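Every number here is computed from the coordinates shown, using simple stated rules; none is lab data. A quick note: this is a predicted structure, and the numbers were derived from the prediction, not measured. Note: ideal-geometry Cβ built from the backbone for every residue, glycine included; neighbour counts use all protein chains shown.
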Amino acid sequence: MKEKWFFEKLYPAVKIGYKIEKVLKTQLSAFQKIEVFTNSIMGKVLTLDKVIQTTERDEFIYHEMLVHIPLISHPDPKKILIIGGGDGGVLREVLKYPIQKVTLVEIDQTVIEVSKKYLQNIGKRCWENKKLELIIDDGAKFVKNTKEKFDVVIVDSSDPIGPAKVLFRKKFYQDIKRILNKKGIMTRQTGSSFYQEKEMKENFRISKEVFKNTFLYLITLPSYIGGFFTLLYSSENINPTKISKALLAKKIKSLGLKTKYYNPDIHINCFSLPEYIKKALKL
Ligand code: SPD
């Protein structure tokens, strides 16, 4: 039988391919083409408009690092906002904390429906949690109009093409700053340090113009190709590099936090940047 392959359509001159074992779902939503297939190495794979979003095998790296860096750095995170995050991975990690409420604003309800059905290993039972307020809306519009304030905002968006484009503008950062409490923190993804250098540089620059504390931090995972994958930390008052290893360990213990990637060493070292990234960011 002829082999079937998925080739990601994200970069103009490099492509990653996944051999498809079985296509579980293909659906055209109002916003994008949603696909879930299985791959013998990565497990179930979610793609949006032919771009890999997450895989069962390595999702923990991205989701843990988007969540635990800000939630452990914050002294007492109670109100959390997730923009995007329709697969439930960020929500699952947020719910490991004794928060009061988590609001998840996802533009595409179909992504949530497909994830609930096919990616239960990622979202687990988090969609049923009573602390969750689920809003189907444009994240940029929500942030612009809401009267609520949050301790941590996590932007779990796709790439700056299609519906997520607006989440990469300076206005969005300014609106996030307005809805953060005094010790508030935002984290988000800013792409591959090699293949999305422009996105990484521009978002770092914008964040520095808006927030006093701006840090880039690094992860590597097979699904997001192109060397180090970059995450951005923005806050007016909380510096995540000032927290000691002993305090990190104490917080993790008292929370009973179970992780597969994040730990105190990773927290301290993920902010160390190689020379080529420092140069790109003008540091
Ligand atoms: N190049 C892909 C970057 C995608 C980041 N967001 C994925 C959402 C996973 N929850």
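Give me the percent of Cα-Cα pairs in segment 4-55 that sit more than 18 Å apart, rounded to a whole number. Please list the in-between numbers first.
Values: 324 of 1326 pairs.
Of the Cα pairs, 24 percent sit more than 18 Å apart.
Return one number: the angle in degrees, 0 to 90 and rounded to the nearest 10, between the long axis of the Cα atoms of helix 170-179 and the longest principal axis of the Cα atoms of the chain.
Around 60 degrees separate the two axes.
For segment 159-206, what class follows from the C-alpha gyration tensor (a ≥ b ≥ c being the square roots of its eigenvalues): rounded when a/c is under 1.5, otherwise prolate if a/b is larger than b/c, else oblate?
Details: a/c = 2.44, a/b = 1.70, b/c = 1.43.
It comes out prolate by the Cα gyration axes.
List the residues, sorted by chain then number, that are 5 or more residues from Thr190 or on another chain and whose placed amide H is less than 5 Å from its amide H.
Amide H neighbours of Thr190, under 5 Å, 5+ apart: Thr230, Leu231, Leu232.
In whole Å, what is the distance between the alpha-carbon centres of segment 201-262 and segment 127-199?
15
Ordered by packing density, taken as the mean number of other Cβ atoms within 10 Å over each peptide's residues, highest first, how do 244-252, 37-45, 54-62 rank?
On the way: 244-252: 13.8, 37-45: 17.7, 54-62: 21.3.
The packing order, highest mean first, is 54-62, 37-45, 244-252.
Select from Leu216, Leu28, Leu81 the residue whose mean-square fluctuation is largest in a Gaussian network model of the chain (Cα-Cα springs shorter than 10 Å).
Leu28
Pairs Lys250/Lys278; Lys96/Lys250; Lys117/Lys260; Lys144/Lys170; Lys78/Lys245: which exceed 20 Å Cα-Cα? Intermediate results must be reported in sequence, preceding the final value.
Values: Lys250/Lys278 31 Å; Lys96/Lys250 16 Å; Lys117/Lys260 24 Å; Lys144/Lys170 12 Å; Lys78/Lys245 23 Å.
Beyond 20 Å: Lys250/Lys278; Lys117/Lys260; Lys78/Lys245.
Quick one: which residues, 5 or more positions from Phe150 or on another chain, have an amide H under 5 Å from its amide H? H modelled 1.01 Å from N in the peptide plane, none for Pro or chain starts.
Sorted by chain and number, the residues that satisfy this are Leu180, Asn181.
Per residue of segment 228-240, what does 6.51 cos²θ - 1.76 cosθ + 1.60 with θ = phi - 60° give for ³J(HN,Hα)? Whole Hz please, x for Gly and Pro, Karplus curve as stated.
Values, residue by residue: 4, 9, 10, 10, 10, 10, 9, 7, 6, 10, 10, 9, x Hz.
Over segment 158-283, calculate the relative contact order: mean separation of alpha carbon pairs under 8 Å at least 6 apart, over the residue count, as a percent. Working shown, then result.
Details: 150 pairs, mean separation 31.2, N = 126.
Result for segment 158-283 is 25 percent.
Could you give the radius of gyration (one decimal) and Dmax (whole number) of the Cα atoms in segment 1-145, in Å?
My reading of the Cα-based Rg and Dmax gives 16.2, 57 Å.
When the helix-only estimate is applied to the chain (DSSP H runs of n ≥ 4, each -39,500 (n - 2.57), divided by the residue count), what is the mean residue ellipticity at 222 nm, nearest 500 deg cm²/dmol? Walk me through the intermediate numbers first.
Working: 10 runs with 90 residues, N = 283.
After summing the helix terms and dividing by the residues of the chain, the value is -9000 deg cm²/dmol.
Relative contact order for segment 47-103: what percent, with Cα pairs under 8 Å and sequence separation of 6 or more?
36
Residue by residue through segment 195-212, what is 3J(HN,Hα) from phi via Karplus (6.51 cos²θ - 1.76 cosθ + 1.60, θ = phi - 60°)? Round to whole Hz and write x for glycine and proline.
7, 10, 4, 4, 4, 4, 5, 5, 5, 5, 4, 4, 4, 5, 6, 9, 10, 5
Between Ile20, Leu10, Thr47, whose Cα lies farthest towards the positive end of the dipole of segment 4-55 when Lys and Arg beta carbons carry +1 and Asp and Glu beta carbons carry -1, centred on the Cα centre?
With unit charges placed on the Cβ atoms, the residue in question is Ile20.
Give a residue-ordered list of calculated ³J(HN,Hα) values for segment 112-125 (Karplus: 6.51 cos²θ - 1.76 cosθ + 1.60, θ = phi - 60°; whole Hz; x for Gly, Pro).
The phi angles translate into 5, 4, 5, 5, 4, 7, 10, 10, 4, 5, 8, x, 6, 9 Hz.
Calculate the all-directions average of the projected area of the chain's alpha-carbon convex hull, and give it in nm². Walk me through the intermediate numbers first.
Details: hull surface 57.4 nm².
So the Cα hull casts an average projection of 14.3 nm².
Using Cα-Cα distances under 8 Å and only pairs 6 or more residues apart, what relative contact order does the chain have, in percent?
Relative contact order comes out at 16 percent.
Give the cross-link partners of Lys4 among the lysines, using a straight C-alpha distance below 16 Å as the criterion and excluding same-chain residues fewer than 8 apart.
Lys4 reaches Lys15, Lys19, Lys22, Lys25, Lys44, Lys50.
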